[in-house]
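Taken together, the values in this text are just the output of simple stated rules run on the coordinates, not laboratory data. What you are looking at is a predicted structure, and each value in this text was computed from that prediction instead of being measured. Cβ: placed from backbone, ideal geometry, glycine included. Neighbour counts: every protein chain shown.
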Amino acid sequence: MKFGVVIFPGSNCDKDIILAIERTINQEVVELWHKETDLKNCDVIFLPGGFSYGDYLRSGAIAKFSPIMSKVIEFANNGGYLVGICNGFQILTESGLLPGALLHNISHKFICKNIYLKACSKNTLVTNKYSDFPVKIPIAHAEGRYFAEEKTLASLIDNDQILFKYCAKNGDITDEANPNGSSGNIAGICNEERNVFGMMPHP
């Protein structure tokens with residue numbers, strides 16, 4: 001398989017993704033500059049974390065107008081696999097590829113720490129290997145609070161689209177384990193077709 005990592009002004013986790021793919025599964029990875037429109041025949045596209053364009057307006061709001069995003073949206077709508085992490089998740093919601101929005105943390109402070117996640121849906125490419133045990137994983141964001149209207153939340157539950165929830169070390173889903181105030185402790189979701197994935201923590 002061939003992987004592509006989109007790089008925006010301010011991306012800061014792109015190299016992590018590139019190295020992880022190269023060193024763990026020995027697959028080809030190409031960098032895709034945000035001003036390009038050629039996806040270079042990639043099978044999977046990643047939108048990394050960071051601060052696209054400095055996030056001066058709203059996280060991901062400016063990045064969605066980059067030339068490459070029209071091709072990324074077309075790629076996803078045609079069934080291509082697309083993964084957005086942290087700022088990449090914000091770009092996916094701003095682009096309408098995933099429902100809901102990412103808002104300021106309920107504390108109105110930047111949070112950088114390790115948290116625990118529990119895989120919810122096991123019926124996706126990115127979660128089907130997870131056990132029921134929580135995984136420890138870092139977060140680093142100021143606008144990571146996932147929010148959706150009740151109707152959207154109900155649809156996510158009914159369609160088994162919730163990838164991960166914030167949880168306690170023992171796996172309990174509690175308010176205390178929710179670092180940013182996300183609706184329903186949600187840390188990641190996918191689209192109905194299960195080819196677009198967004199998560200706020202950094203795997």
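From the Cα gyration tensor of segment 83-203, with a ≥ b ≥ c the square roots of its eigenvalues, which class applies: rounded if a/c is under 1.5, or else prolate if a/b is larger than b/c, or else oblate? Rounded, because the longest to shortest axis ratio a/c is under 1.5. The DSSP beta bridges internal to the chain are antiparallel in roughly 55% of cases. Think of it as helices only: each DSSP H run of n ≥ 4 in the chain is worth -39500 (n - 2.57), and spread over all residues that comes to -5500 deg cm²/dmol at 222 nm. Under a Cβ-Cβ cut-off of 14 Å, what is the net charge of the residues other than Ile157 that fall near it, where Lys and Arg count +1 and Asp and Glu count -1? Charge balance near Ile157 sits at -3. For Cα extents along the principal axes in Å, the candidate list reads [x] 62, 39, 32; [y] 50, 37, 36; [z] 43, 36, 32; the entry that matches the value derived from this model is [z].
The charge dipole of segment 56-150, taken about the Cα centre with unit charges on the Cβ atoms of Lys, Arg (+1) and Asp, Glu (-1), comes to about 340 debye, rounded to the nearest 20. Using the charge dipole of the chain (Lys, Arg: +1 at Cβ; Asp, Glu: -1 at Cβ; taken about the Cα centre), state which of Ser11, Phe110, Ala63 has its Cα farthest towards the positive end. It is Phe110, whose Cα lies furthest towards the positive end. This model, with +1 at the C-beta of Lys and Arg and -1 at the C-beta of Asp and Glu, gives the chain a dipole about its Cα centre of some 380 debye. Taking the longest Cα principal axis of the chain as reference, the axis of helix 67-77 is set at about 60 degrees. Across all directions, the average flat footprint of the convex hull enclosing the Cα atoms of segment 11-52 is 3.0 nm².
A simple spin-label model places the labels of Cys112 and Phe65 3.0 nm from each other, with each point 7 Å out along Cα-to-Cβ.
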